[in-house]
Structures are given as C-alpha cells and as structure tokens.
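Read the structure below first, then the notes.
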Protein chains: 4
Amino acid sequence: MLVVMKTNASEQEIRAVCERIENLGLKAHPIPGETRTAIGITGNKSAVDLAFLDSMPGVVECIPVSKPYKLVGREVKPEDSVLVIPTPSGEVRIGGPHFGVIAGPCAVENREQFFAAAERVRAGGARLMRGGAYKPRTSPYSFQGLGLEGLKIMAEAREAYGVGIVTEAVDNESLDLVEEYADVIQIGARNMQNFSLLKRAGRARKPVLLKRGMAATLDEFLMAAEYVMSEGNYNVALCERGVRTFSDHTRNTLDLSVVPAVHGVSHLPILVDPSHGTGRRTKVRPLSRAAVAVGADGLLIEVHHDPDHALSDGFQSISPEEFEVLMGEVRQIAAVLSRSVN
Amino acid sequence: MLVVMKTNASEQEIRAVCERIENLGLKAHPIPGETRTAIGITGNKSAVDLAFLDSMPGVVECIPVSKPYKLVGREVKPEDSVLVIPTPSGEVRIGGPHFGVIAGPCAVENREQFFAAAERVRAGGARLMRGGAYKPRTSPYSFQGLGLEGLKIMAEAREAYGVGIVTEAVDNESLDLVEEYADVIQIGARNMQNFSLLKRAGRARKPVLLKRGMAATLDEFLMAAEYVMSEGNYNVALCERGVRTFSDHTRNTLDLSVVPAVHGVSHLPILVDPSHGTGRRTKVRPLSRAAVAVGADGLLIEVHHDPDHALSDGFQSISPEEFEVLMGEVRQIAAVLSRSVN
Amino acid sequence: MLVVMKTNASEQEIRAVCERIENLGLKAHPIPGETRTAIGITGNKSAVDLAFLDSMPGVVECIPVSKPYKLVGREVKPEDSVLVIPTPSGEVRIGGPHFGVIAGPCAVENREQFFAAAERVRAGGARLMRGGAYKPRTSPYSFQGLGLEGLKIMAEAREAYGVGIVTEAVDNESLDLVEEYADVIQIGARNMQNFSLLKRAGRARKPVLLKRGMAATLDEFLMAAEYVMSEGNYNVALCERGVRTFSDHTRNTLDLSVVPAVHGVSHLPILVDPSHGTGRRTKVRPLSRAAVAVGADGLLIEVHHDPDHALSDGFQSISPEEFEVLMGEVRQIAAVLSRSVN
Amino acid sequence: MLVVMKTNASEQEIRAVCERIENLGLKAHPIPGETRTAIGITGNKSAVDLAFLDSMPGVVECIPVSKPYKLVGREVKPEDSVLVIPTPSGEVRIGGPHFGVIAGPCAVENREQFFAAAERVRAGGARLMRGGAYKPRTSPYSFQGLGLEGLKIMAEAREAYGVGIVTEAVDNESLDLVEEYADVIQIGARNMQNFSLLKRAGRARKPVLLKRGMAATLDEFLMAAEYVMSEGNYNVALCERGVRTFSDHTRNTLDLSVVPAVHGVSHLPILVDPSHGTGRRTKVRPLSRAAVAVGADGLLIEVHHDPDHALSDGFQSISPEEFEVLMGEVRQIAAVLSRSVN
C-alpha cells in the first residue's frame, strides 16, 4: 500500500499519517519526491483495513501495490533517485543527470600502492575511489585483504586526495568498520542475498552500493535493495557486474539490458562494473563506453598503477593511461545523453 | 602440499610432523583415513621449503597439490567420508554404504505442525528431520521463520520422536543457536559464498550440510567446503539443490551429474534436494529416485502434512502418503547400488 | 480445436468428421487412442466457426486448445504413445511399459568397426543400434561421416545381427537416404529448429527420434515435435541430451526433470542420451541409471569397441564390457518402475 | 596451415602456390589483404608434408594454425574485412570505418506495408532493408512468411527506393531464391549449425549475414562462419542477437562483449540486432546506442510503420519516428569512435 500526499501537504500532515500507520503496528516510510511525498507501508497488513487513510488531511489517494517490491519501485517515487556522497572535495552525485565514476584497485595492498592509484585516478577526473579491504575470495588460501589496516589507508588517501571511498563489507563486523571509515558501503555479488547483512546495511547511515548476484533475476536484485530500504536507508544504488551464463569468452556476461529494465520499474540509480563484468582487461574500455551509452548512471572500474603485479584481479584492471583515454570517451558519450560526468 | 604418513605411523610421529608444520607458521590438518593418515598443510607456504618433511619419521611422501582445493580432495583422503550424526535413537550415517534421508517441512510453523510432520516422517522411516527456523526469503515482507522459538520446537520434537535435527543458520548469531539446539548446521545456497559464515561453521562442533549455490561451479562448491574444513571442521556433507538455467519447466535445473563429479574428486558425501531442485511437487518423486540411482549419498525432501496450507514452499512439498511410497522406491533402488537406507 | 469421438464411434463417423474439416480448408488429424479416437484440427481456423462439429454423429465434444501445441499434447491423446520399430528380429517398442535401449558408436567408421560394435551391443541385450553416417561437426575440417557408404554398412549389419538402425539425417537429401536404409530417422539437437527438415521428416514413413536443442525450452521442444506431427507422421519420440548452462564439470547439463515434465503434458515417449548429455565416459553409467529411475522411456548410448581410438566422441563412449554391466543395472531399476527392457 | 605471401608477390606466384596445394588434394584459399595475400589451406593435411611450400617464389613463411578456425582468423588476415553490398543507390560498406544500419519489418506482410516501411527507413537514413519472406517460427501454425511473393515485393522496393535487401534463407530451396532476388543472404540463429545450409551459402555469390545461435560459444560462432568461408565465399558478416540465459527481464540476453571478442580474434565485421536481442521495444534504443559504443560494425533493427499491428514480433519493433531519433544518436556515438554511418 502506498499513500500519496498532496503537493502542498504540510510536514505535520505527513507526520500524522505516519503516526497513524505506526500505531497499527506497521512501518511507515515517507519518501520525499520533487513535487510530493509518498508514504510506503510495510509490515503484515493482512489484518488491517487501511482504506480509511485516504480521508486523512493532505492525502490524495491510497494505491495498492501489486509488485513484490515497494520502496524501490517507481510507483512510490516517479523521479530518479540521486545518490549523494559527501567527499572532502564536495558532494558527488550519481543518478539523474549525474554520471559517476568510481575507480581504483581491486584490493588495497599497501599505502604506496593505494596512494599511487589515488593520484592517477584523481588525475583522470574521478572523485570516488574503490578499493577492497575485505576480499571475498573463492579460495580460503588466497589473499583476503588487509582488513582494518586497509580501511585506514583508504581513509588517509581520502583526506590526502579529496576522494570519496567505496569499499565492501562482508559481514556485520566489517560493516561496522566500513561505516566508520568509508563513504559508501558496498555489498558484493556473493552477498546479494545475505539478508542479514542487507538488513544491517539498511540500518547504516552511509549510502549503499548493491551489486547484482551472479544469477539474480531483476526481481531478486530489486528485492535485495528492498531489504536495505525496508530498514530505513533509502540512499541505495545498484550495480550490474555480469551474470553467469554458458558464454566463455568473458568471465561473466555483462547484461547491459538490465540498465533500462531497472530504470523502467525503479527510481534507483544503477552503475555498471565492466571489470568484473568481463574479467578481461581488453574488454573494459569498449564495455565502459557501452554502459554510458545504454544509460547507466555510473561506472565502477578497476584501475591499478601496475596491473601485471596486482595481488588480485590484475587481469581485469586497466592502467592509469588507459583510464584517462577511457574518461575522455565517457565524457563524449555522456554528452550525447545530456549527462555530466563526476 | 600433502604429507602422507605410513600405515603404521604412530600418534607421536603424526604429532611431530604437525608441530613442525605449525612452527613454520602454517596450519596442519591431520586427516585419519582407514589405512593411513594424511596431513594437509594450509597457509602461505611460498616462503618456506617443505621438502625436508619427507625425511621425518613415519612419513611416506610429500605430494604437491595442484588443484585449488586440498582438504576436500580425494588426494588427501581416498576413502569416502561418512557424516556421523548422533541422534536420540542412535547414530545416523550418511556416505559410503549409508544412504541418508532427511525429511520435513520447509519452515517450522508451530508446535502442532512440526510434531505432526515428525510423526509422519518417522513412520516413513526417516530418522533425520529438516525444518527452517531462519528462512532466507527473497522478500523482506515474507514469513522469515520463528527463529529461536522454532529451534526450541525442533529440539522438543528431537526428544519426543528420536530424530536428528537439520536446520539452516543464516548469520553468526543464528549459527550460535543452531549449534546449540540442532544436530546438523545447514548453510543455504544463497550463503554458499558467505565466507564469513563458512568460517564460523568451520569452528562449530556440529556437522555441516552445505548446499550448492544457484550458479556455483563444481570448483566453487568444493572451495566453499574447503573454507569450512580449513577452520578444522571436517564433518561436512554437500547438497545439490538445482542450478539456475534458461530452462523454465522447473524452478531450477537439478544437476544430477554433479554427484559422480563430486565423488570423482572429493571424499565428501553429497546429498540431493529434489524439492528445491525442481520446485514442483509432481517432480519430487521421480527426481528422488533418479538421485538414488545416480549414486547420491542421501536426500533432503520437503514433506508437509498439509502441503496446500504450508506457510512457505507448499507447492514443492509432498504429502506424508507420497513420502511413504517414495521411501519404498528409494529402498529398492538403493539396494541395486548395494546401499542401505537410514 | 480437438474433436473427441465416442468410444464406439464407427470408422465411417470418424471419416465423415475428417472430411467435413478438410472441406473447410483445414487439416484433420485422427489420432486413435486405446478407448476412443480424437481428431486434432490444424490450419488457419480464425475465419471458421467449428462449433457445429459437436452435433455430428459419433462426436462427444469439441475442446478449444489453449496450449501452443496440439497433436503432441495429452489433451489430444491421454494414453502414452508407443514408438513401434520393426526390426529383422521382430518389433521393438519404446514407451508405456516398454523401455528401449539404443546403443552403438558415435560414427560408422568402417565395416569391421560397426560389425564388431553390433555383435557386442546385441550380446549386451540391445536390439536397436545407433551410428552416424552424417555427422554435424562444429568444424568443417573434422570427420563428417561416411555418408551413403555408412548407411549401407549399417543396413548390412541390420540383416546380419537383426538390429534396428537409428541414424541422423541433416538435410533433405540425407533424409531421403536415411528413410530408405534405416529404421528410425534421428533429428539432431542442432537441427531441432530446422523447420524445413522437421516438415520433411513429418512426411517420412519411418519413426522419428527428435533430440532436444541445446537451449530449447520444453515448449519449443514439443513444438518441434508438433512440426513433424502436423505433416502427418505421428510416430515420434523425443530425446533429452543435455542443455547448455554455466556448469563446466560436464560438457552439457543433463536435464532429467524434463522427463516427468514431458510426461505431464505430452503422450510422446522420451529417451535420454547420457553420452552427449554428459560428454564424459565416467558419467554415462550413473546418469543412465538415473534416467531409468526418473521414468525415461529409453536410453541412447554411445558404445565403442575401442573408445580410445574412436574417430569421434571417444571420450564419451563406454566399452562393451561397461555396457553389459550397465544393462544389468538398467534392468533392475526398470523393474522397480514395472517396466521391461528391450 | 597458412602461407603468407610477400608484399610484392605477383598474381602468377600466388596462383602457382594455389595450384601446388590443390594438386596435393587440398583446397587453397587465397585471401587478399591490404598489403599482402595469405593463402589458407583446408582439407586433410595429415598425410602431406607442406613444409616445402615456403621455398616457393613469393612465399614469406608457412604458419601452422593452432586455433580451430582458419579463414575467419586474424592470423590469416590482420586487417578488418569490409562487407561490400552493391545497391541501386551505390555500394554500402560495413566494417572497418564503415558503420552499417539495416532496418525494416520482421516479415514482409504485403506490398503496401513494405513500401511504407522502405520510405520511412530510407528517410531515416538507412540504405539497407531487412524483411522476412521465410520465417522460422516456433509453431507450425504461426504465419510462416509470404515466400517467393515476399521476395518479389522486396525486389520491387529495392528498385523503387534504392535500398539493398537483406533476407533470411531457411533451406537450400529458399537460399536459391534469396540469392536470386536479394542482396544479402541471412542465416538465422536457429540455423547457425545447419551445416548443410552453411555450405550452400558458402557456394553463393552474394554476401552472407550469419546470426549467432542462441547458445553458441564464440568458437562455435566463428566455426559456423568458417563453414561458409571454407566453401569459397569470403564475404561474410556476423551478427549478435542475444543468447539464452536465466535472465527474464528481456527475451534474450544481448551479449555485447562478443563484439570486442570477435574483433580480437577475427577480421570479420560483426553487427548487433537489439530487436531480437532484447525482444522489448523499449530496450531497442538504449541497446542500439550501446552496440555502437562497444564498437559493433552495424545494427539490424526491426522498424514497423505500425508496430501494434505487425503480423510478427510487433512487441520488439520500433516506430519510424523512434528510428529517426535513434539514427541521430547512432551518428553522434559513431563519431566518437571515428566511424561514419551508412
């Protein structure tokens, strides 16, 4: 059920509707839009008749929602959501007219490596950096990341270069730390249906970047975002990173059609990760261009100052030189779609 | 690296090799086999030359292991592993000559429902029961399980009917409780690469049943088991539950060929879950028969005393009547493969 | 539209209904069942009102058919169809209570090889032989089969060993020859949607064995059979041979759940080919057992008297010795399902 | 084996090498490049030692080819191939710096419809038209195309509007007619491994547009083109049209990464068909833009003057108005990649 408020509904009216809902044992989610506020309702509504809500002051109508997702849907919020990320060099926006680029190494290896990357990434024009401190690796014997030490290195680079930090949390403990040290909490593909972690991210006060699971349908992907939002964190962006298919010329099959599909039913921004999406260095640039052209809201790219000696995923990292060339192409294609690049 | 000990190596010799390994900053995993013990070594071995180990008393040879997995591999332990589950009615074994059946409802709904199921499952001849207290659901608004209350109901049924309890843990908190109340800790498909949870399961003192992820390759599946074993818990069984493909006549595509594939490279037992594997009540019996015939070590089946009114997954649960017919077929086919059914 | 005739409808009444249908510019397909005949109607019916047919003598009712398939559906013919194959040693039946085994080498290489195989296959208890004269190969530079010469060798073996011959046609020209020399016309997976070839097979007077395409859904598979039947050839059997998925431990993923799925909606028999379905010699026996247990109507197995020197697909062919062991297991499991093995 | 000729090798020298090869019972394929000619050799070379060829006049070296494909590979011909299509309004080129657009309805329905489409497509700036006369349909009861009548309508439109005609052949008979009436012979996805048809296309004197099969790997796709080229027709272009995956928000999953993958190993041009690739009208424009940006050599787009009343595939056809908007975007993005649009 969705309660749509009048354009000129007052704060007080909105609060009154929310309180009424909460008094019924349900949860109210006021979602401010550009012109009006809508209030999503979650919880077990079966025993309650909510029809009376549309007679409350400031309410336009009550819409029963048939799709499994509620808070992520365009029905709740017709305008595009914009992820707002405060960084030392000012706010970065992703979504709507704003195209965002997040670049950096797969893993933080040490201070020198990350600072070198930060300098190059910043020079290339990106203001958001990726870097893994907690690495979910297929083998327990592979490099698992520097953990807290990695977070601290990234936080230092944050101040030194004015970049916002995007990094993955893999469990509740690491999420606590990521929330403390970083600017955006990334939930990885392998944890897309780790519902316990999604709920914890929903209680965090930092933006969340949620990657699509390797075999997730569109509905499952959106429902994972719904888990985060249902806990009260509405600052969510999605990220396509390739799905698993029979096709063997790339590590995964990048499903760019999910971008217009998400935009069709959801207000959330969606980025594309061509590095994991292809797993091949030579495919990163063409697929990055394609992601901009298909209408994605941003890119998540692995850039390593020395790809051949990266501790992880070097085969899919591009060099800072190639990154600069790519940024030029990204800006030109983004312009065709009337978007500015952050 | 794998250290193979002589048939008549003494406890002391084995312990000496282990200590030597640990002194080098590595981890030793002595794995007793029927005729001899092998010692797996994990940790960062790059800086250490281990060749000298083969000159220690009781050692036959040191084998470099090329496959990504070590502890799960047949190279470490040529004989089939057998999962041993103590229940109030005596030990149940799964693996080798022992075929095990785990049956019960998708979710524990209340005491009456679970006890009714227990009576029927026990009558059908199964001594292990499944039942979910923590349900990973695609939607945050679906029934998420009774949690601790569900565990307590199952523990009661355990004593009342003499059945062993198999139930899923979804995070560290629920794993603590599952370890306390149940007999087998199940890790679900969606958490197959929740490495933090796998490591926690590896430190538990109860057997672990690990389900294959929806898009997991054989290697990834085995490496997830390796995560559990690398923490010291060697009491692990695998479970095939269908993979995601284009095929739309069943909810998932049950990949029975993974059973002989696992048996080829690993000593671990592997069960099959035809309920999730097909998602269709009418397909459970034929695919259960096929699972026995292909050589699986057991079945995990959803049985609900009133499938049409189940709170979750009723469409894939069979009735107690059909379960009894199925058990008859299972016994006959198991006999063809010289296996006894628990 | 389906016209269901009374149990005691006379030949004349059936003929009268068919003529009436054909006079309307449509095609009538009388399909005799055990207790009654049903008449399927194909062609463009949009302009014609057929309701009047149910007032004709001998007609019970007219059923509008909603599913895309008609002639293959159980609605048209509730009883299982049985493929009847005349061989020099008498009729072989596949379907219903009859389980059929078709065995032999991937390709006919020369007279000696095929005769050796025939002797061993016959000794193992099979009365139908497979063997390719026209081989669809991924590369134009691979061995493409002996063509007409291969057909002649198989026809000779037919007489010498009393076996029925099942072999693939790849275009209209080869189909003419296969129809002349062999007993069953096989349409391969790659040609499952070669509609021109399917129609030609529908005009042949020999039974057709239609293999599932590598990415065919159940509906597409059945519609391909519908193409054959819509041309008047109702002697059709299906064959599952593995579908293409991300799973890499077998060459294809054998989808055994399609067997009960086909049996649910269609009266056609369905066999399983575990040789192509797995592409691994060591998986053929377990998956063959599983195919019997799941309820398949037969097996199509590659047996080569010298697998390691086969000109094609040797890696998935089993030896005559293993075939004999397998036949023993097949008979035992078939007995559990109350089926006799041909 | 590949014989690389000197830059200044004479016609006579090239012919001499070819004759020598043919005298050995093999087939020679001289492939002229921009700077030099290479000669591919196909046939059974096992019994022949070809090393002596490098001592013949004009020969630089003989390169053993390890990849399964030969004639399609970049090793044979390092420069991009360009498909040259003569039309009444002059040659159209696809490949290298030339980006080609082929647009038109799924099926030719009648003269009025196709002429209306031709006028709008031409106005939008395309000089090549698609239109089906032989339609491979999943159901035998669906509209199968106008056949020869459809070809004649397209041939008329060809003259009236100066467009080149691209249309599908589904068997040898229709290929004869398509070769006579149209400018480009299309081989559809369902026939990608109809090797008999591929060979016939290889003997045609018109360019061939080969669509990727729904579950074809890159190697299988290229080997299908190899079948065409091995018969002597080197005027071949590929077309990605979506592959089959679990993903259900589009009809197929458009695999744009295959474009740089093909360009990496093959000299053949590759187009993209976003209409079949997504099966959704609303996804055609974004994915068309992405195809240009990823580096495809052209687009194959369904445009219908009245999509809602199309006899087939209306749900994936765009209107002429949207096509014009799209062409504007295509030109802008093509310019970023320094390509001109035909």
Filtered residues of segment C:175-202 (kept if more than 8 Å from every other protein chain (Cβ to nearest Cβ) and small (Gly, Ala, Ser)): C:Ala182, C:Gly188, C:Ala189, C:Ala201, C:Gly202
Residue hits (segment C:9-23; under 30 Å from the mean Cα position of the chain (by Cα) and among the basic types (Lys, Arg)) are C:Arg15
Would a scan of segment C:330-341 turn up a residue that is under 23 Å from C:Ala116 (Cα atoms), in contact with a helix residue (DSSP H, G or I) (Cβ under 7 Å, 6 or more places away or on another chain), at pLDDT 95 or above and within 14 Å of chain B (Cβ to nearest Cβ)? yes
Could you tell me whether segment B:291-300 includes any residue that is modelled with pLDDT under 95, touching a strand residue (DSSP E or B) at 6+ places or on another chain (Cβ under 9 Å) and surrounded by 22 or more Cβ atoms within 10 Å (Cβ to Cβ)? no
Residue check, A:Ser317 of a type in the set (Ser, Thr, Tyr) and in contact with a helix residue (DSSP H, G or I) (Cβ under 6 Å, 6 or more places away or on another chain): yes
Are any residues in segment B:63-104 assigned to a strand (DSSP E or B) and of a type in the set (D, E, K, R), and if so, which ones? B:Arg93
For B:Thr278, are the conditions met, namely being more than 26 Å from B:Gly104 (Cα to Cα), without any contact (Cβ under 8 Å) to a residue 40 or more places away in the chain, buried (at least 24 other Cβ atoms within 10 Å of the Cβ) and within 8 Å of chain C (Cβ to nearest Cβ)? no
Quick test of your reading of the structure: B:Asn235 fulfils all but one of (1) modelled with pLDDT of 95 or more; (2) crowded, with 21+ Cβ neighbours inside 10 Å. Name the failing condition by number. (2)
Within segment A:101-131, can you find the residues that are touching a Pro at 6+ places or on another chain (Cβ under 8 Å) and not charged (D, E, K, R)? A:Gln113, A:Phe114, A:Ala117, A:Val121, A:Ala123, A:Gly124, A:Gly131
Selected residue (criterion: surrounded by the most Cβ atoms within 10 Å (Cβ to Cβ)) from residues of segment B:318-340 that are in a loop (DSSP other than H, G, I, E, B) and not polar (S, T, N, Q): B:Arg339
Residue check, B:Phe195 against (1) over 24 Å from B:Gly100 (Cβ atoms); (2) within 12 Å of the chain's Cα centre (by Cα); (3) among the aromatic types (Phe, Trp, Tyr), all met but one. Which one? (2)
Name the residue, out of D:Arg203, D:Arg212, that is more than 14 Å from the chain's Cα centre (by Cα) and modelled with pLDDT of 95 or more. D:Arg203
Restricting attention to segment D:307-317, does a residue exist that is on the phi < 0 side of the Ramachandran plot and buried (at least 24 other Cβ atoms within 10 Å of the Cβ)? yes
Collect the residues in segment D:305-318 that are away from chain A (no Cβ under 14 Å) and under 21 Å from D:Leu254 (Cα atoms), keeping them in residue-number order. D:Ser312, D:Asp313, D:Gly314, D:Phe315, D:Ser317
One residue is enough: does segment A:304-325 have a residue meeting the conditions within 24 Å of the chain's Cα centre (by Cα), within 13 Å of A:Ser288 (Cβ to Cβ) and at pLDDT below 90? yes
Taking segment C:264-275, which residues are small (Gly, Ala, Ser) and either under 13 Å from the mean Cα position of the chain (by Cα) or away from chain B (no Cβ under 11 Å) (or both)? C:Ser266, C:Ser275
Looking at A:Lys152 and the list (1) more than 14 Å from every other protein chain (Cβ to nearest Cβ); (2) surrounded by 18 or more Cβ atoms within 10 Å (Cβ to Cβ); (3) modelled with pLDDT of 95 or more, which single condition is not satisfied? (2)
I'm trying to understand the selection: among the residues of segment C:111-140, which are assigned to a loop (DSSP other than H, G, I, E, B) and away from every other protein chain (no Cβ under 14 Å)? C:Gly125, C:Ala126, C:Arg127, C:Gly131
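One line per residue, one yes/no per condition, for (1) of a type in the set (A, V, I, L, M); (2) crowded, with 22+ Cβ neighbours inside 10 Å:
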site	(1), (2)
B:Glu156	no, no
B:Glu159	no, no
B:Ile165	yes, yes
B:Ala201	yes, yes
B:Lys206	no, no
B:Lys211	no, yes
B:Ala224	yes, yes
B:Tyr227	no, yes
Scan segment C:287-304 for residues that are within 14 Å of chain B (Cβ to nearest Cβ), more than 20 Å from C:His249 (Cα to Cα) and among the aliphatic types (A, V, I, L, M) and jot them down. C:Val292, C:Ala293, C:Val294, C:Ala296, C:Leu299
If a residue must be away from chain B (no Cβ under 13 Å) and acidic (Asp, Glu), how many such residues does segment C:223-263 contain? 2
Being surrounded by fewer than 24 Cβ atoms within 10 Å (Cβ to Cβ) and aromatic (Phe, Trp, Tyr): is that true of C:Tyr181 here? yes
Kindly indicate whether A:Glu220 is free of Cβ contacts under 8 Å to residues at least 40 places away in the same chain and either acidic (Asp, Glu) or touching a Pro at 6+ places or on another chain (Cβ under 6 Å) (or both). yes
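The values are calculated or read from the model by the stated rules, or taken from the named source; none is laboratory data. Worth saying up front: this structure is predicted, and the values here are computed from it rather than measured. Every residue, glycine as well, gets a Cβ built from its backbone with ideal geometry; the counts of neighbours run over all protein chains shown.
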